[in-house]
Every structure is written in C-alpha cells, then in structure tokens.
Amino acid sequence: MRRWILKFASYKKPDDIFDAVVSGKKTIETRPRNPKSRRDYSNIKSGDILVLKSLDSGRAIERIVLFNHTYDSVEEMVDEEDVEKILPGIGSKKSLLKVYEELKSRWGKTYAQKLETYGIVAIGID
C-alpha cells in the first residue's frame with residue numbers, strides 16, 4: 001500500500017471539488033498519465049491511499065483507491081466512466097469534454113501535452 005498526495009484546484013468556486021469528495025458525490029479523480037515521471041498516476045493501485053488536498057483552503061482528506069483505469073484519451077474515458085462521479089452536476093458527456101478542453105487552456109501546454117501524448121487515468125475512490 002502506497003500513499004499518494006494529489007493536490008487539486010476548484011472548478012467554479014473555492015473548494016467545490018473538495019466538498020464534492022467529502023460529500024461522496026465525487027468518487028472518481030482523474031489525472032493525466034506521465035510514464036516519464038516518478039509520479040505516474042497509472043501506477044496507483046487498488047488499496048493505495050490518496051491524500052486529496054485542496055489548493056484553495058489547504059484542507060485534506062484521505063480516501064482508499066478502489067480502482068485505477070487507464071485510457072488513451074479523455075474521449076475514451078468519458079465514454080467508459082460515469083461522468084457524474086467525475087464532476088457531479090456536469091449533466092452530460094459532451095459537457096465534461098468541454099470542461100477538459102477548458103482545463104487544457106487554463107493549466108497550460110504541459111497539461112495538454114500529457115493528456116494528448118499519454119492519456120488519462122480515472123481513479124475510483126471510496
């Protein structure tokens with residue numbers, strides 16, 4: 001069992017993503033793959049512990065990993081996973097794809113390149 005620290009920002013308002021994890025509505029966290037990094041999220045295993053830390057407030061919560069699915073693209077992940085567990089309230093696969101396009105712009109070229117080159121992981125948490 002390994003501990004992973006994953007920091008994350010809000011989406012629309014401070015701590016909205018963190019609060020969704022705390023409430024149990026968000027049960028899938030996603031990250032771009034990066035096999036060239038020692039922190040390649042595709043190496044997360046069932047039973048590992050995620051320490052999810054808000055960049056807004058600094059609050060943290062621990063969750064146990066239930067699964068880790070690797071996909072070649074965001075589109076493939078959105079087709080296979082329950083989008084409401086990734087981003088509660090998003091409403092549709094099309095809307096979630098739009099969010100990922102926005103994130104590529106917001107978080108820059110490196111984030112976009114990792115997604116496009118290596119794909120994405122969907123990490124199921126309790």
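Residues of segment 1-52 being part of a loop (DSSP other than H, G, I, E, B), within 14 Å of the chain's Cα centre (by Cα) and either surrounded by 17 or more Cβ atoms within 10 Å (Cβ to Cβ) or not charged (D, E, K, R) (or both), which ones?
Those that are part of a loop (DSSP other than H, G, I, E, B), within 14 Å of the chain's Cα centre (by Cα) and either surrounded by 17 or more Cβ atoms within 10 Å (Cβ to Cβ) or not charged (D, E, K, R) (or both): 9, 10, 11, 26, 27, 33, 34, 44.
Is it the case, given these coordinates, that residue 9 is farther than 23 Å from residue 114 by Cα and either among the small types (Gly, Ala, Ser) or modelled with pLDDT of 95 or more (or both)?
Working: farther than 23 Å from residue 114 by Cα: no; either among the small types (Gly, Ala, Ser) or modelled with pLDDT of 95 or more (or both): yes.
Here the answer is no, as residue 9 does not meet what is asked.
Which members of segment 44-59 meet the condition of being over 23 Å from residue 11 (Cβ atoms) and touching a Lys or Arg at 6+ places or on another chain (Cβ under 8 Å)?
Restricting attention to segment 44-59, the residues satisfying the condition of being over 23 Å from residue 11 (Cβ atoms) are 45-49.
Residues satisfying the conditions are 45, 48, 49.
Looking at segment 60-83, can you tell me whether even one residue there is aromatic (Phe, Trp, Tyr), out of contact with any Lys or Arg (no Cβ under 7 Å at 6 or more places or on another chain), in a strand (DSSP E or B) and under 12 Å from residue 122 (Cα atoms)?
Filtering segment 60-83 down to residues aromatic (Phe, Trp, Tyr) leaves 67, 71.
Cutting the leftovers down to out of contact with any Lys or Arg (no Cβ under 7 Å at 6 or more places or on another chain) gives us 67, 71.
When the remaining residues are screened for being in a strand (DSSP E or B), the result is 67, 71.
Now drop any that are not under 12 Å from residue 122 (Cα atoms), which leaves 67, 71.
Yes; the residues of segment 60-83 include at least one that is aromatic (Phe, Trp, Tyr), out of contact with any Lys or Arg (no Cβ under 7 Å at 6 or more places or on another chain), in a strand (DSSP E or B) and under 12 Å from residue 122 (Cα atoms).
Only one of 61, 86 is β-branched (Val, Ile, Thr), out of contact with any Asp or Glu (no Cβ under 6 Å at 6 or more places or on another chain), surrounded by fewer than 19 Cβ atoms within 10 Å (Cβ to Cβ) and at pLDDT 95 or above; which? Break it down into steps so the answer makes sense when it comes.
Working: 86 fails: surrounded by fewer than 19 Cβ atoms within 10 Å (Cβ to Cβ).
Being β-branched (Val, Ile, Thr), out of contact with any Asp or Glu (no Cβ under 6 Å at 6 or more places or on another chain), surrounded by fewer than 19 Cβ atoms within 10 Å (Cβ to Cβ) and at pLDDT 95 or above holds for just one of 61, 86, which is 61.
Based on what the data block shows, is residue 119 surrounded by 12 or more Cβ atoms within 10 Å (Cβ to Cβ) and at pLDDT 95 or above?
yes
The values are calculated or read from the model by the stated rules, or taken from the named source; none is laboratory data. Note that the structure is a prediction, hence the values are computed from the model and not measured. Cβ atoms come from the backbone with ideal geometry, glycine included; neighbour counts cover every protein chain shown.
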